[in-house]
Amino acid sequence: MSSFDLSHLPEPLLEFAANGRHIDVRFGLTDYGPVDFSTERTKEIRLGIVGSSQTIGKLGEWLRRCEAGIPAKNSRQPNLFPGFPGSTILGPFRCSFEVGSRHVRTLSQSLVSRIVTEKDDDTAVSLAVEAFTNEVKDLAEQDQPPQVVICALPVEIIERVSNMRSQPPDDDPEEVAVNEIEPEDAPAVDREIENFRGALKAATLALRIPIQIVWPTTYDNDAVVRKKLAELSTRKVQDEATRAWNFFCALYYKAGGTPWRMVRDQREYSATFMGVSFFEGLDGTSLQTSSAQLFDERGEGLILKGGPGLKDKTDRQPYLSALDAFSLTRTALQSYKKEHGNYPARLVVHKTSRFHPEEREGFQKAIEQSEIEIADFIWMPRRSPVRLFRNGVYPPLRGTAMRLDDAQTILYTRGSVDFFRTYPGLYVPNPLVLHAQRRDTPDWNLLLKETLALTKMNWNGTQFDGALPITLKAARQVGDILKYVPDGVTPDPRYRFYM
Amino acid sequence: MKKLSEQQIIGERGVHLLGGRLLSVGLSFQPNGPLDAGIDGFLELRDPQSGEVRAQWITAQVKTQKEGRFTEETDESFSYLCRQEDLDYWLGSNVPVVLFVARLSDERIFWKALHNWFADADHRRRRKVVFDKTKDALNETALPGLAATVASFSAPGRVVPSTRIAEALNSNLLKVSFPAKTHVAETSLSYSEVREALVERYQSVPVDWILRGKRIYSFRDISMPPFRDVIEEGSEETVDTVEWSESDGDDTRRLFVELLNKTLSEMVREPLAYWRGGRYLFWKLGRGKRSRGYSYRSFEKNTSRDVVKSYKRKDDDKPSYFRHDAFHANFVRLAGEWYLAVEPTYHFTSDGYHESRYASERMSGIKRLETNQSVRGHMGMWTAFLVRQPDLLRDDPLVFTTVPALGLAFGVPDDLWRENEDEDEKTRMEKAQLELL
C-alpha cells in the first residue's frame with residue numbers, strides 16, 4: 001500500500017521596486033511600486049484612444065476619475081477588494097497615464113452605423129477590424145506615437161460582432177470560466193467576439209503598438225450590453241476598484257513596464273519556462289499549428305509560431321515531428337539568447353498534451369545544441385482525475401499538494417486563500433496535475449514552487465491566484481491571434497501584443 | 001504595615017495562567033510592568049513552524065476569577081460587564097485589545113477581540129461582552145482567530161502567520177483489486193458479431209469483456225455460457241493479469257483500463273446505467289417513480305440521499321426534469337497500484353433516462369451552487385456504494401477499498417471566514433447545504 005503525502009507550499013513572494021516583497025500584487029505595488037521603477041526619470045505613459053464620440057467621452061471621464069483613486073468596495077474582505085490608489089505618479093504604478101489630444105481618434109457615427117447595419121456577419125467583423133486598424137495605423141505613424149492604444153468599443157459594435165451569452169470583463173473574455181469549468185459545462189464560447197478580438201490584434205501586430213480593448217462596462221456603471229440569448233450566469237461585474245487595478249496594470253505592462261517579477265533563489269540555476277501548445281487554424285479544419293510561449297522570471301514573454309501539429313493515432317493528442325520540435329525550441333532559445341546574451345542554464349517545458357517520443361527527441365536535441373544540461377518536461381493535462389476534499393464549505397488551500405508517485409503530483413493553484421480569508425472563485429476547484437516526463441530537477445518542491453509562482457505572472461489580472469501558470473495561460477490567447485497571422489509572416493514575438 | 005490584597009494575588013495568577021497558555025501554543029507573551037492602567041501584557045503573533053515574527057501585537061487585558069460561576073453563566077455562555085472608563089481606554093488603543101477572562105479553579109480561559117465585539121453599536125451601549133464557552137475558549141484552535149484580529153484591525157494587506165489547523169483531507173481515490181487471472185479465448189467473430197450472437201441467445205448481455213485481435217478477454221470464465229457459444233472451442237486459457245496491469249506500453253494499459261471499466265459497468269448494471277455521451281454512470285429511476293433514495297453510512301454518520309430527484313415546474317404537478325447523481329470512473333495507476341478516481345457529476349433527464357434539452361444549463365447552475373462540502377458529500381455516497389460489504393452470495397471481480405484520509409497541518413477556519421462573506425455568498429452556501437446534501 002502506497003501512501004500519499006500531503007504538503008502545503010506557502011504563497012510565493014513577488015518582487016517589486018527597491019527589493020520590496022509581498023505575496024499580493026496590489027499591496028506590493030501600493031507599498032513599493034513596480035519592479036522597474038526608478039526615480040531617475042519621471043515616467044509618463046502616452047495613451048491613444050480610438051472609439052466613438054460617446055465611448056471616448058465616457059472613457060475620458062473615467063480616466064480622470066481614476067487619477068484620484070477609486071475607493072474600495074464596501075466589504076469585510078479588505079484584502080480581496082482593496083481600493084485603487086490612483087493613476088498618477090503617486091499611484092501604485094508610480095507614473096502618470098496621459099492621453100494627448102493628438103492621440104484621440106473618433107470613429108464617425110456613419111462608419112459605426114455602416115458596421116452595425118451590415119447584414120453579413122463576417123463582413124461586419126472585418127469592417128469593424130478595418131475601422132479600428134486604420135485609426136491605430138494613423139496613430140502609429142505619428143512622430144511621437146502613443147505607447148498603447150485603447151480601443152473603446154461602442155456597445156452597438158460589441159452587439160454586432162458578438163452573439164453574447166456572457167459578459168467578459170475587459171480584454172479577457174471569461175478567463176475564469178475557461179480555466180475552471182469542464183468542457184461539458186462551459187458556456188458556449190462566443191466565437192464572433194473572439195474572432196473580432198483575435199483579428200484586430202493580429203491586424204495591429206504589424207503596427208508595433210499594443211492595443212487594449214475595453215468594453216463600456218469597465219468604465220461606465222450604467223452601460224448595458226444587450227445579450228441575444230438568455231443569460232443564466234450569476235457572474236457579476238467586478239467592483240470598480242478591481243476594474244481600475246486590472247486595466248492600469250495591463251496598460252503598464254503593454255507600454256513596456258514590468259510591474260513585478262518572480263523571486264528567485266540566488267542558488268538556483270537561471271531557468272526559463274517554455275509552454276508548447278497547439279491551436280486550430282482559421283479554416284476550421286482540425287489542422288493544428290504549434291506555438292511556443294517562453295517566459296523568464298522577469299516576466300518577459302516571447303511568442304513563436306511553429307510548425308504543424310500531427311495527431312497521434314491512438315490517443316488523438318497533437319504532437320510535433322522531431323524536426324519541428326527541434327526548430328521551435330531552437331528558435332525560442334536563440335531569441336532568449338538575443339535578449340539575455342546567453343542561454344539559460346535550465347529549461348522547463350510545460351505542455352497540455354503528452355510529450356510524444358518523437359517530440360521529446362526534437363526538444364532534447366535543441367536543448368543539447370544550446371548546451372543546456374538541466375531540463376524538465378512537465379505534462380499538465382487539462383484536468384486532474386485526483387481531487388481532495390476538506391470537511392467544510394471551503395475547498396483545500398491554494399498550495400496544497402499531493403504526491404501521487406515519482407512522476408506525478410497534484411497541486412491546488414485555485415483554492416482557499418489564507419490572505420483573502422476566502423475562496424475567491426466560483427465552482428469547486430480542480431487541481432493541476434504535474435506529470436514529469438523528464439525530470440532533471442531532483443526536488444519536486446522546487447517544481448511546485450515555480451509552478452505556483454508562474455500562476456502569479458499574469459499581467460491581465462491583479463488578483464494573484466491564477467489557475468494556470470503563465471506558460472499555459474498565454475497559450476490560448478496566443479492561438480486566438482496567431483491563427484489570423486498568415487503563413488510565412490513572422491509575428492511579433494513580444495507577449496504584450498497578445499494579452 | 002504593607003499589604004498585598006488577595007485580589008492582587010489572584011490577578012497575578014491569572015496573568016501567569018494566560019502567559020503559560022499562550023507560550024504553550026507557540027505565541028510570545030510579555031506581561032506589563034507596574035505602570036499598568038488596564039492592559040496586562042502584550043502577545044506577539046508568531047509562525048509556530050518557522051518561528052517567524054513580524055511585530056504584530058495584540059494587547060491583553062486579563063480578568064481573573066478564583067472560582068465559582070461567571071456572571072450569567074450557563075453551559076454555553078457567560079457575560080462580562082465593562083466599566084465605561086475601561087471601554088474608552090481599550091477602544092482608543094492603536095493595537096487590538098483582547099479581553100481574556102480566566103478562572104483559576106478549572107484553569108479555563110476565554111477571549112474576545114474587543115474592537116470586533118464593540119463594532120456593534122448595541123453592544124457598545126450595553127457595555128456587555130457575551131462569551132461563547134466553545135467558540136471563545138483559548139486553546140490551539142484560537143490561533144487563527146487571534147491572527148484575524150490583527151489582520152482586521154490594521155490596514156488591509158497585512159500578511160499574518162498562516163492558519164495552521166491540523167486537518168484530514170479525503171481524496172476521491174479508491175484502491176482497486178482485481179482477479180490475478182484473466183480469461184482469454186479465441187474467436188473468429190468481430191465485436192458486433194459477438195454481441196449479436198449473445199443477444200440472440202440471451203436477453204441480458206454481459207458487458208465485462210473486451211475483444212483484441214481475435215481474442216476475447218474477461219475476468220469471468222468465458223468457457224461457460226453465454227460465451228461458450230462465441231469462442232473457438234478448446235482455445236480458452238488464463239493469463240496472469242499482471243502482464244497487462246504492470247505493462248508499460250500505453251496501448252496495453254489502455255486496454256486494461258477498458259476491461260476495468262467494462263467490469264465495473266457490469267457490476268453496477270442493476271442500479272446504474274452508463275451514459276455514452278457524457279461517459280459517466282448514473283442512477284437509474286425505477287419505472288413510474290419520481291425519485292430514488294439511497295441510504296448509506298457516510299464519513300461520520302448514517303445518512304441518505306436523493307440519488308434521483310425530480311423538479312417540478314411552477315403551477316404544475318408533473319416533473320419537468322430529473323437530476324441523477326452520476327460519476328466519471330477514472331482508473332489510474334499510481335506508484336504501481338491501481339486506483340479508481342471517482343469524479344462526481346450529474347445527469348439531467350427529461351424522462352428518467354434521456355438527457356434533458358437544458359442539461360448543460362442545469363449543469364452550470366448546479367456547479368455554481370456546489371461547495372466543497374457538497375461534492376464531498378456526493379463523493380461519500382459513491383464511496384459507500386462502491387466499497388461493498390463482503391457478501392457470500394456475490395463474487396465481485398473488482399474490490400474497492402477506501403484510501404485513508406490524509407493529514408495536513410494547514411487548514412481553513414470555516415466559521416471565521418464565513419462571517420465575512422457577503423450576503424449573496426452566505427445564501428449560496430446555505431442553499432448548497434439544503435439542495436445538495
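The values are calculated or read from the model by the stated rules, or taken from the named source; none is laboratory data. None of the values given here were measured: they were computed from a predicted structure. Glycine gets a Cβ as well: all are built from the backbone with ideal geometry, and neighbour counts include every protein chain shown. Only protein heavy atoms, including side chains, enter the accessible area calculation; ligands, DNA and RNA are left aside. Shrake-Rupley method; radii C 1.70, N 1.55, O 1.52, S 1.80 Å.
Run B:G157 past the list (1) outside any loop (DSSP other than H, G, I, E, B); (2) open to solvent by less than 20 Å² (accessible area, probe 1.4 Å) and report the number of the one that doesn't hold.
Of (1) outside any loop (DSSP other than H, G, I, E, B); (2) open to solvent by less than 20 Å² (accessible area, probe 1.4 Å), only one is false for B:G157: (1).
Within the stretch A:364-422, which strands (runs of 3 or more DSSP E) (wholly inside it) include 2 or more residues that are surrounded by fewer than 22 Cβ atoms within 10 Å (Cβ to Cβ) and within 11 Å of chain B (Cβ to nearest Cβ)?
none
Of a type in the set (A, V, I, L, M), touching an Asp or Glu at 6+ places or on another chain (Cβ under 8 Å), surrounded by fewer than 21 Cβ atoms within 10 Å (Cβ to Cβ) and at pLDDT 90 or above: which single residue out of A:L446, A:L452 fits that description?
A:L446 is the lone residue from the list that is of a type in the set (A, V, I, L, M), touching an Asp or Glu at 6+ places or on another chain (Cβ under 8 Å), surrounded by fewer than 21 Cβ atoms within 10 Å (Cβ to Cβ) and at pLDDT 90 or above.
Say whether the condition of being more than 30 Å from B:V205 (Cβ to Cβ), within 14 Å of chain A (Cβ to nearest Cβ) and touching a residue at least 24 places away in the same chain (Cβ under 8 Å) is met by at least one residue in the stretch B:173-188.
Yes, there is a match, as at least one residue in the stretch B:173-188 is more than 30 Å from B:V205 (Cβ to Cβ), within 14 Å of chain A (Cβ to nearest Cβ) and touching a residue at least 24 places away in the same chain (Cβ under 8 Å).
Within the stretch A:17-26, is even one residue assigned to a helix (DSSP H, G or I), under 18 Å from A:E297 (Cβ atoms) and within 14 Å of chain B (Cβ to nearest Cβ)?
Scanning the stretch A:17-26 turns up at least one residue that is assigned to a helix (DSSP H, G or I), under 18 Å from A:E297 (Cβ atoms) and within 14 Å of chain B (Cβ to nearest Cβ).
Can you tell me how many residues within the stretch B:383-437 are in a loop (DSSP other than H, G, I, E, B), among the hydrophobic types (A, V, I, L, M, F, W, C) and free of Cβ contacts under 8 Å to residues at least 12 places away in the same chain?
2
Take the stretch A:332-363 and flag every residue that is assigned to a helix (DSSP H, G or I) and within 18 Å of A:I303 (Cα to Cα).
Hits for the stretch A:332-363 are A:A332, A:L333, A:Q334, A:S335, A:Y336, A:K337, A:K338, A:E339, A:H340, A:F363.
Suppose the filter is at positive phi, part of a strand (DSSP E or B) and within 37 Å of the chain's Cα centre (by Cα); does B:A60 pass it?
The answer is no for B:A60.
Would a scan of the stretch A:251-269 turn up a residue that is charged (D, E, K, R), at pLDDT 90 or above and within 21 Å of A:E450 (Cβ to Cβ)?
The answer is yes; a qualifying residue exists.
Please indicate, with yes or no, whether at least one residue in the stretch A:432-443 is within 30 Å of A:A250 (Cα to Cα), within 11 Å of chain B (Cβ to nearest Cβ) and either open to solvent by less than 10 Å² (accessible area, probe 1.4 Å) or not in a strand (DSSP E or B) (or both).
There is at least one residue in the stretch A:432-443 that is within 30 Å of A:A250 (Cα to Cα), within 11 Å of chain B (Cβ to nearest Cβ) and either open to solvent by less than 10 Å² (accessible area, probe 1.4 Å) or not in a strand (DSSP E or B) (or both).
(1) open to solvent by 20 Å² or more (accessible area, probe 1.4 Å); (2) of a type in the set (S, T, N, Q); (3) part of a helix (DSSP H, G or I): which one isn't true of A:Q463, the others all being true?
(3)
Return the residue satisfying two criteria in turn: it lies in the stretch A:85-115 and is in a helix (DSSP H, G or I) and open to solvent by 60 Å² or more (accessible area, probe 1.4 Å), and of such residues it is nearest to A:C66 (Cα to Cα).
Restricting to residues being in a helix (DSSP H, G or I) and open to solvent by 60 Å² or more (accessible area, probe 1.4 Å), the top hit is A:Q109.
Any idea which of B:V176, B:V194 is modelled with pLDDT of 95 or more, among the hydrophobic types (A, V, I, L, M, F, W, C) and not in a loop (DSSP other than H, G, I, E, B)?
On inspection, the qualifying residue turns out to be B:V176.
Quickly run through the stretch A:1-16 and pick out the residues that are among the charged types (D, E, K, R) and within 12 Å of chain B (Cβ to nearest Cβ).
Scanning the stretch A:1-16 gives A:D5, A:E11.
I need a count of the residues in the stretch B:406-426 that are open to solvent by 50 Å² or more (accessible area, probe 1.4 Å) and either in contact with a Ser or Thr (Cβ under 8 Å, 6 or more places away or on another chain) or among the aromatic types (F, W, Y) (or both).
The number of residues fulfilling the criteria is 1.
Show the residue pairs meeting these rules: Cβ distance below 9 Å; 6+ apart or different chains; first residue within the stretch A:103-124 and closer than 13 Å to A:F196 by Cβ; second residue among the β-branched types (V, I, T) and open to solvent by 80 Å² or more (accessible area, probe 1.4 Å).
Between residues of the stretch A:103-124 that are closer than 13 Å to A:F196 by Cβ and residues that are among the β-branched types (V, I, T) and open to solvent by 80 Å² or more (accessible area, probe 1.4 Å), the close pairs are A:A124/A:T117.
Here are some conditions: (1) under 17 Å from the mean Cα position of the chain (by Cα); (2) within 9 Å of chain A (Cβ to nearest Cβ); (3) open to solvent by less than 10 Å² (accessible area, probe 1.4 Å). B:Q373 meets all but one. Which one does it not meet?
(3)
Kindly establish whether B:A37 is loosely packed, with under 11 Cβ neighbours inside 10 Å, among the small types (G, A, S) and without any contact (Cβ under 8 Å) to a residue 60 or more places away in the chain.
Answer is yes for this residue.
What number of residues within the stretch A:1-47 are closer than 24 Å to A:I150 by Cα and modelled with pLDDT under 90?
Selection size over the stretch A:1-47: 3.
So, in the stretch B:208-254, exactly how many residues are in a helix (DSSP H, G or I) and either over 11 Å from B:V184 (Cβ atoms) or touching a residue at least 40 places away in the same chain (Cβ under 8 Å) (or both)?
So the answer is 11.
Just to verify a result, which residue in the stretch A:1-57, among those that are under 25 Å from A:L80 (Cα atoms) and β-branched (V, I, T), is most open to solvent (accessible area, probe 1.4 Å)?
My answer is A:T30.
Can you tell me which residue among B:M429, B:M381 is within 11 Å of chain A (Cβ to nearest Cβ) and surrounded by 15 or more Cβ atoms within 10 Å (Cβ to Cβ)?
The conditions single out B:M429.
How many of the residues making up the stretch B:269-295 are outside any loop (DSSP other than H, G, I, E, B), open to solvent by 80 Å² or more (accessible area, probe 1.4 Å) and within 14 Å of chain A (Cβ to nearest Cβ)?
Residues in the stretch B:269-295 being outside any loop (DSSP other than H, G, I, E, B), open to solvent by 80 Å² or more (accessible area, probe 1.4 Å) and within 14 Å of chain A (Cβ to nearest Cβ): 0 in total.
The rows are residues; the columns are (1) under 26 Å from A:M402 (Cβ atoms); (2) over 25 Å from the mean Cα position of the chain (by Cα); (3) within 12 Å of chain A (Cβ to nearest Cβ).
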{"residue": "B:D120", "(1), (2), (3)": "no, yes, no"}
{"residue": "B:A142", "(1), (2), (3)": "no, no, no"}
{"residue": "B:G145", "(1), (2), (3)": "no, no, yes"}
{"residue": "B:V150", "(1), (2), (3)": "no, yes, no"}
{"residue": "B:F153", "(1), (2), (3)": "no, yes, yes"}
{"residue": "B:G157", "(1), (2), (3)": "no, yes, yes"}
{"residue": "B:E167", "(1), (2), (3)": "yes, no, yes"}
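What residue, of A:T204, A:T242, A:T218, is at pLDDT 50 or above and in contact with a Ser or Thr (Cβ under 7 Å, 6 or more places away or on another chain)?
From the options A:T204, A:T242, A:T218, the qualifying one is A:T204.
I'm trying to understand the selection: among the residues of the stretch B:219-246, which are surrounded by 15 or more Cβ atoms within 10 Å (Cβ to Cβ) and within 36 Å of the chain's Cα centre (by Cα)?
Result: B:F219, B:T241, B:W244, B:S245.
Collect the residues in the stretch B:316-330 that are under 15 Å from B:W382 (Cα atoms) and either away from chain A (no Cβ under 11 Å) or of a type outside the set (A, V, I, L, M) (or both), keeping them in residue-number order.
If the condition is that a residue be under 15 Å from B:W382 (Cα atoms) and either away from chain A (no Cβ under 11 Å) or of a type outside the set (A, V, I, L, M) (or both), then B:H324, B:D325, B:A326, B:F327, B:H328, B:N330 are the ones that fit.
Inside the stretch B:296-352, counting only strands (runs of 3 or more DSSP E) that do not spill past its ends, which hold 2 or more residues that are farther than 24 Å from B:M267 by Cβ and without any contact (Cβ under 8 Å) to a residue 60 or more places away in the chain?
B:302-312, B:319-334
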